[in-house]
1. Percent of Cα-Cα pairs more than 19 Å apart in segment 131-184, please.
2. Per residue, how large is the accessible surface of the chain? Use a 1.4 angstrom probe and give square angstrom.
3. For segment 76-170, report the translational diffusion coefficient in µm²/s to the nearest whole number, using Stokes-Einstein at 10 °C, 1.306 mPa s, and a Kirkwood Rh over Cα pairs.
4. Rounded to the nearest 10 degrees, what's the angle between the helix 60-69 long axis and the longest principal axis of the chain, both from Cα atoms, 0 to 90?
5. Mind listing which trypsin sites (Lys or Arg not before Pro) in segment 61-162 are in a DSSP loop and have 14 or fewer other Cβ atoms within 10 Å?
6. With the contact rule set at Cα under 8 Å and sequence spacing of 6 or more, what percent relative contact order holds for segment 24-124?
7. Once neighbouring chains are kept in place and the probe is 1.4 Å, which whole percent of the accessible area of segment 117-184 is contributed by carbon and sulfur?
8. Take the alpha-carbon centre of segment 60-104, take the same for segment 129-184, and report the distance between them in whole Å.
Amino acid sequence: MAQRSTEPSPVPGEPATHRTPWPHTRAGDWGILLLRVVFGLFLAGHGAQKLFGIFGGAGFTATGQYFSSLGFHPGRLYALIGGLSELLGGLGFALGLLTPLAAAAMIGVMINAMATVTAAHGLWVTEDGVEYNVCIAAVALAVAALGPGRYSLDRFFPWSRGGWLPAAAALLLGGIGAAITLLL
């Protein structure tokens, strides 16, 4: 049965009606939830691989040695920073909790990955290029700009509706965090 909508009708003079499976929800809120959960949990899992060696990951000691081989000293400290940024940023992103900060963590980690590993290999991930990192950073920035949606823990905060300020904060903080890490 068609329900009354509070949105204006696309045709002047006709009543605005639409069908919704759940009253008072929008497909966009579900779409943003899907993006947050998928990208956030995969990144959190990637951080757990670094920190705890689960999901087929190398674990903290091996990740620290890898970071040392990339020129990050002490490697264990950078493994901790990277792993926690991915784990906590990913979980915050999935939950829609402090979304601009979670997006900043994701963006910062992806900038570092591009600058230290993938940029030298070109664009495509089949050649170990930046494709994957750019996609994650773009999704994080887009969600910060759009807002985390109705189905988020941030829904009562001013940044829940997104906008230029949360997006700029995510990009700026992610960039500053990446720059500090790269310069140390």
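1. Numbers: 502 of 1431 pairs.
So the pairs more than 19 Å apart make up 35 percent of the total in segment 131-184.
2. Details: 10780 Å² over 184 residues.
About 59 Å² of surface per residue is accessible.
3. Values: Rh = 13.6 Å.
Answer from the Stokes-Einstein relation: 117 µm²/s.
4. Tilt relative to the chain: about 70 degrees.
5. Values: sites: Arg76, Arg150, Arg155, Arg161; in loops: Arg150, Arg155.
Here the sparse-neighbourhood loop sites are Arg155.
6. On the way: 123 pairs, mean separation 26.2, N = 101.
Relative contact order comes out at 26 percent.
7. Working: 3130 of 4200 Å².
Its accessible area is 74 percent carbon and sulfur atoms.
8. Here the two parts' Cα centres lie 16 Å apart.
The values are calculated or read from the model by the stated rules, or taken from the named source; none is laboratory data. From a predicted model like this one, the values you see are computed outputs, not experimental measurements. Positions of Cβ are generated from backbone atoms using ideal geometry, with glycine treated the same way; all protein chains shown enter the neighbour counts. Please note that ligands, DNA and RNA were not included when accessible areas were found on the heavy atoms of the full protein model with its side chains. Shrake-Rupley method; radii C 1.70, N 1.55, O 1.52, S 1.80 Å.
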